[in-house]
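Written out below as structure tokens is the structure these notes cover.
What follows draws every value from the coordinates through simple rules; no lab data is involved. All values reported here derive from a predicted model rather than from experimental measurement. Every residue, glycine as well, gets a Cβ built from its backbone with ideal geometry; the counts of neighbours run over all protein chains shown.
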Amino acid sequence: MWRTMRPRETGNERPEEKEGTIMNDEGRKEREENKSAQQKMPQEKRPGIARPVIPFPVLGGASALYALFYTFCLYRNASGITYPFFVAGTLFYFSFCTKKFRVLSGNSGSGRKDALDGLYAGVLLLLGISVCLTADGKIHLMTKTGIFLLTVVLVMRQFYRTKEWDFFTWLCRICRSLAETLSCLDTPFRDGFGWLGERDRKKKGGRFQAAAIGLLAAIPFLIVILALLISADAVFSDLLERAAEGMNLWNTGGMIALTALIFVLSYSYMRGLTADLTNAPAPGNGKEKKKYQPVSALAFTSVTALVYLFFCGIQVAYLFWGKMRLPDGLTWAQYARQGFFQLLFVCLINLALVLVCLAAFEESRALRAVLTAISLMTYIMIASSAYRMLLYIQNYHLTFLRLFVLWALGVIALVFAGVIVSIYWKGFPLFAYCTVTVAALYLLPAFGRPDYWIARYDIAAMQAGKYDDYGYLSSLSADAAPILLDPETAAVWDDTWPFESYLDKIQVRTEEMGIRDFNVSRQAAGELAELWGQE
């Protein structure tokens, strides 16, 4: 007679992990599989470092405090003096989370911070300081985008060994980390209710969880009931309206909504890093990626290089030497106006082309030679685009977009220097080089106040009788006020309505400024505007 045999309990079974922890039952099996796979790999090629279990109160509490700090610094305050403190608080939040996860730096076996991490953190703090020194909204947008991306790069460096990552691996990892954030948007609620439920079952027999469910269910019910009661009685509606005005309900609701949003996003981002990304083998580590034969790439790039060679010959003959006549009816200003944006785009295409060929195809001397030729001819295109832009500025004067194009061309020129090095040096850290180059060069417009120099150039042209676009001058930010409101230079346009419009704009924005949203550039512009108001 056969009997069903039950396995003996040895006492070594792994205990069930509690709900509301970072590594739950769903991810434990995958973690154990990856751990066994990592043990078979050489130590230097292991894709990640084991992450410990972390309770919800630690990550949830840190995220909640960060969300409150974010709201205090940035609610209705896009460029105030609190912005540098926000950047410092963001760095502290991610540093705290990294330490609580007991994550060793992916770029140092001893866990010591790489010097590059310190450089990134320093640039982030400088960018944060620059926000409250300028009033240019365009610069603010680019600065905040740069702060966001550089912060993501810095955090990724703390969680992964990135030394073997190529350029495209970095891009894929950044996009994947942001996608994981979206997939983990439910984790703050899942982990929170799981932790509360477990705590409640131990202490109160489930009453807290039941009460929480009841309160949540009451919210949509009360919304419907209040809407009906407000429409049913005018006195009740008036009392609620006055009470809402006294409590500044819209501001309170906005702050609560922003705090909740930042809590969910920050928690979900850290949760995403510790879920799939921590256990999945990192692209570029371990197994060598398969590459294609270079024949197709060589054929494609050779044809492209021939077209570029013919085009560059025309640029040298027409634009640089001026040996050939322009087509009938085409002036040099019109010729210069055509093509600088297209050439800028072609330079970016060439950058992508060279990077794809390096990443996807096997090494070949012929391919390296063609890619080098394309890179060198790209410098001729960069020079052509810059020369066209300078000719155009001489005839049509300076705007922010034209100045930005010149800056972008300079950045691309330096980036291509790194690309040429990476063609011959396989281990060259191209992504880090590009990041440092772009960040360092961006500090120039971030602290340089482009609107000031634009106003200075255009006012000089206006004094010479070559410029009369008063409307564009009035659209400049408070950074341009030292030129536009200077009595010596403002005489050329102080009797026009755009001048009055610019003056009113400066006065209004200065009057609305408080301590929290204090901006150095707006304050200086406001003092100049007061002098005009006294006249």
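Would the range 55-192 count as rounded, prolate or oblate if I go by the C-alpha gyration tensor, calling it rounded below 1.5 in a/c and otherwise prolate when a/b exceeds b/c, oblate otherwise? Could you put the intermediate results ahead of the total?
Details: a/c = 1.61, a/b = 1.19, b/c = 1.35.
Taking the square roots of the gyration eigenvalues as a ≥ b ≥ c, the range 55-192 is oblate.
Going by average Cβ density within 10 Å per residue, which order do the peptides 129-136, 441-448, 300-307 take, highest to lowest? The partial results should precede the final answer.
Details: 129-136: 22.5, 441-448: 17.2, 300-307: 14.8.
So the peptides 129-136, 441-448, 300-307, ranked by packing, come out 129-136, 441-448, 300-307.
According to a simple spin-label model (label point 7 Å from Cα along Cα-to-Cβ), what is the distance in nm between Phe92 and Phe300?
5.0 nm
Note down the nm distance, to one decimal, between modelled labels 7 Å out along Cα→Cβ at Ile349 and at Leu228.
For the pair Ile349/Leu228, the computed spacing is 6.4 nm.
With a ≥ b ≥ c taken as the square roots of the eigenvalues of the C-alpha gyration tensor of the range 466-534, please select rounded if a/c is under 1.5 and otherwise prolate if a/b is larger than b/c or oblate if it is not? Walk me through the numbers on the way to the answer.
Numbers: a/c = 2.11, a/b = 1.86, b/c = 1.13.
Judged from the Cα gyration tensor, the range 466-534 comes out prolate (a/c at least 1.5, a/b above b/c).
Explain nothing, just compute: Karplus ³J(HN,Hα) = 6.51 cos²θ - 1.76 cosθ + 1.60, θ = phi - 60°, for every residue of the range 403-416 in order, whole Hz, x for Gly and Pro.
These are the phi-based 3J(HN,Hα) values: 5, 5, 4, 4, 5, 5, 5, x, 5, 4, 4, 6, 5, 5 Hz.
Given 0.36 nm per residue, what is the gain on full extension from Gln342 to Trp250 after removing their alpha carbon distance, in nm?
Numbers: separation 92, 0.36 × 92 = 33.12 nm, distance 4.66 nm.
Length difference between fully extended and current span is 28.5 nm.
Using the beta-carbon distance between Leu414 and Leu68 and R0 = 51 Å, what value does 1/(1 + (r/R0)^6) give for FRET efficiency, to the nearest 0.05?
Rounded to the nearest 0.05, the efficiency is 0.80.
Taking neighbour Cβ counts within 10 Å as the exposure measure, how do Lys138, Lys99 sort from fewest upward? Working shown, then result.
Values: Lys138 15, Lys99 10.
Ranking Lys138, Lys99 by Cβ neighbours within 10 Å, fewest first, gives Lys99, Lys138.
For Glu500 paired with Ala260, estimate the spin-label separation in nm (one decimal), with each label point 7 Å from Cα along the Cα-to-Cβ line.
My value for the distance between the label points is 4.7 nm.
Mind running the shape call on the range 294-448? Use the C-alpha gyration tensor, a ≥ b ≥ c as the square roots of the eigenvalues: rounded below 1.5 for a/c, prolate if a/b tops b/c, oblate otherwise.
On the way: a/c = 3.02, a/b = 1.31, b/c = 2.29.
Oblate, since a/c reaches 1.5 and b/c is not below a/b.
Which entries of Lys100/Lys290; Lys466/Lys505; Lys144/Lys466 show an alpha-carbon separation above 28 angstrom in the structure shown? Each step should come with its number before you reach the end.
Values: Lys100/Lys290 37 Å; Lys466/Lys505 26 Å; Lys144/Lys466 36 Å.
Where the Cα-Cα span goes over 28 Å, the pairs concerned are Lys100/Lys290; Lys144/Lys466.
Choose one of Met513, Trp493, Trp532: the residue whose Cα lies farthest towards the positive end of the charge dipole of the range 466-534 (beta-carbon charges +1 Lys, Arg; -1 Asp, Glu; about the Cα centre).
Value computed over the given set: Met513.
For the range 466-534, give the magnitude of the charge dipole about the Cα centre (Cβ charges: +1 Lys/Arg, -1 Asp/Glu; no others), in debye to the nearest 20.
Working: 5 positive and 14 negative charges, 52 e Å.
The dipole magnitude comes to about 260 debye.
Given the options Ala417, Gln342, Ser375, identify the residue whose Cα lies farthest towards the positive end of the charge dipole of the range 294-448 (+1 on Cβ of Lys, Arg; -1 on Cβ of Asp, Glu).
With unit charges placed on the Cβ atoms, the residue in question is Gln342.
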